[in-house]
Amino acid sequence: MKRLAPPALFALAAALPAACSSFDFLTDVGDARQPAAEDCGECHVAIYDEFRASSHADAWVGPGFLDATADHAIKDCLGCHAPESIYTDGPPVLRATRREEGVTCLSCHFDGGAMVGPEDSSALAEPHPVLVGRAIYRSSLLCGKCHEGTYREWQEATDPDGETCQDCHMERVTRTSTQATSAISTVLVAFEDEFEGRRHTFHVPLGGTIDDAVSAVIDDVRRDEETTRCDLILTNDLPHLMPTGDFGFRWLKITTAALPPSGSTLSVHEESLFNELGQSLVPGVARRLAITVPSRARALRVTVTTGKRSGPRAIIFEKTFALP
Ligand code: HEC
Ligand code: HEC
Ligand code: HEC
Ligand code: HEC
Ligand code: HEC
């Protein structure tokens, strides 16, 4: 870990306290003030970039939320979308400043005048106090503070040792906590160890766990001269409803294309499931969908797509089944 010669280290040790006191503003959080997420991004560069691209950064300014609250007029709705620190006994409280940052760094990390996180520090000095609060950062409870409905679904679907929200929604990554951007941060980073942390994108990365979200089987194929009937059995392999979410407009679209021995698609059948209509797939419970296709069909291509009001998000299942 020691990469500097002792004299250089000595000079640094003398300079750091003065440099660090200029970072006091990072923990200056009160009724009408708090540092910006961008300030955290000066050092935690990679985490900040991921956070900026996440829905959490849009929680206050997203068009769906503006519509649903008549531009923030419905006061009961605001707390979780621009919260103070979540370290409160009750529900999240609306903060007075920097609301446009939505669910921001300090919402999840600030407590008792320090930044709380899952790891012991290996840095030479921290520009802000650091507290280790491992358990809560590794627990679904943290997410459940705001994702109330999804958290309840998760509790019902899995045992307490099952995969947490973080396991699927915050991809593992090995790196240092900060990245060098200035003379001071270069020195700080030089003393930090890499460790296995997590990305702050919060969406499930496409192509990873998402492949295992749903499984499908074709069953009970019945042919007559004109048509072939069968059942498509879908099972949600996630520990929460699919789609999940207490708010917003999320859907799951199941597209079944009938394919002939050769040539173009014979017919396409589409069915959408909406959480708001209570149609979501329940974890582990098989759902049968009746499919009817022209009897010339020799195969079915099943595609499952997830989406929101703003459009499709991801294809989470695609497979071609031969028809016996
Ligand atoms: C000048 C650089 C700098 C700035 C600005 C900064 N931090 Fe840090 N932060 C650090 C260093 C260095 C550590 C210790 C990292 C280590 O040793 O792994 C740290 C540690 C942390 C930890 C503990 C992580 C863990 O390993 O558990 C959290 C949480 C944190 N910072 C959040 C923030 C937030 C939120 C802000 C903005 C309000 C912020 N930091 C601003 C440098 C900075
Ligand atoms: C302080 C409240 C709060 C906490 C804590 C919180 N979230 Fe969120 N989360 C929100 C809000 C509000 C949104 C909606 C953002 C928007 O308007 O698009 C959201 C959005 C999301 C989304 C995207 C939903 C979508 O449809 O795009 C995911 C995924 C997510 N959060 C996962 C997590 C995970 C995982 C955790 C725990 C590590 C967590 N959240 C902790 C409030 C929170
Ligand atoms: C086994 C992995 C897994 C676990 C555990 C898990 N999720 Fe998910 N979650 C997913 C997948 C896969 C999707 C679908 C992604 C999509 O539609 O884009 C999803 C979708 C969501 C969505 C809808 C928005 C979105 O990204 O599409 C929210 C919100 C969400 N999860 C929150 C949570 C919360 C909160 C927890 C913990 C209580 C949790 N999830 C636990 C895998 C998981
Ligand atoms: C919705 C809650 C949430 C938000 C918002 C959030 N974090 Fe985190 N953060 C977490 C969780 C959960 C972990 C623990 C991940 C793990 O187990 O390693 C974490 C881990 C960290 C760590 C430790 C390093 C690592 O990768 O595990 C640092 C540093 C950190 N966050 C800084 C920030 C900064 C800076 C921001 C804003 C740009 C931010 N966080 C926004 C929930 C959040
Ligand atoms: C307990 C915390 C909490 C409260 C209170 C809350 N929300 Fe949210 N909101 C969330 C979370 C978490 C999400 C993301 C996942 C979900 O829908 O569950 C979200 C997402 C949304 C979205 C979807 C944004 C998008 O574009 O995908 C809308 C719209 C929304 N909320 C509107 C509201 C309205 C309207 C109210 C008041 C009736 C409200 N919220 C109150 C936590 C909350």
Note to self: Which count do you get for residues in the stretch 84-117 that are within 16 Å of ligand 3 (Cβ to nearest atom) and more than 17 Å from PHE247 (Cα to Cα)?
What the structure shows: 3
Note to self: Whether any residue in the stretch 210-221 is without any contact (Cβ under 8 Å) to a residue 40 or more places away in the chain and aliphatic (A, V, I, L, M) is what I want to check.
What the structure shows: yes
Check: Scanning for something within 13 Å of ligand 4 (Cβ to nearest atom), closer than 21 Å to TRP60 by Cα and β-branched (Val, Ile, Thr), does the stretch 157-178 turn up at least one residue?
Finding: no
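Table: residues versus (1) surrounded by fewer than 17 Cβ atoms within 10 Å (Cβ to Cβ); (2) within 16 Å of ligand 1 (Cβ to nearest atom); (3) assigned to a loop (DSSP other than H, G, I, E, B); (4) modelled with pLDDT of 90 or more.
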site	(1), (2), (3), (4)
GLU276	yes, no, no, no
LEU289	yes, no, no, yes
VAL293	no, no, no, yes
ARG296	yes, no, yes, yes
LEU300	no, no, no, yes
VAL304	no, no, no, yes
ILE316	no, no, no, yes
PRO324	yes, no, yes, no
Margin query: Just to be sure before I move on: is PHE51 among the hydrophobic types (A, V, I, L, M, F, W, C), modelled with pLDDT of 90 or more, more than 24 Å from PHE195 (Cβ to Cβ) and assigned to a helix (DSSP H, G or I) in the structure I sent?
Written below: no
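Identify all residues within the stretch 82-99 that are of a type in the set (Lys, Arg) and either touching a residue at least 40 places away in the same chain (Cβ under 8 Å) or out of contact with any His (no Cβ under 9 Å at 6 or more places or on another chain) (or both); write none if there are none.
Correct list: ARG95, ARG98.
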Notebook entry, point to check: Can we say ALA257 is open to solvent by less than 60 Å² (accessible area, probe 1.4 Å) and not in a loop (DSSP other than H, G, I, E, B)?
Noted result: yes
Check: In the stretch 130-171, what residues are within 18 Å of GLY284 (Cβ to Cβ) and open to solvent by 80 Å² or more (accessible area, probe 1.4 Å)?
Finding: ARG152, GLN155, GLU156, ASP159, PRO160, ASP161, GLU163
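The values are calculated or read from the model by the stated rules, or taken from the named source; none is laboratory data. Treat the numbers as computed from the prediction; the structure is a model and nothing was measured. Every residue, glycine among them, receives a Cβ derived from its backbone with ideal geometry; neighbour counts consider all protein chains shown. Just the protein is used for accessible areas: all its heavy atoms, side chains included, with ligands, DNA and RNA removed. Shrake-Rupley method; radii C 1.70, N 1.55, O 1.52, S 1.80 Å.
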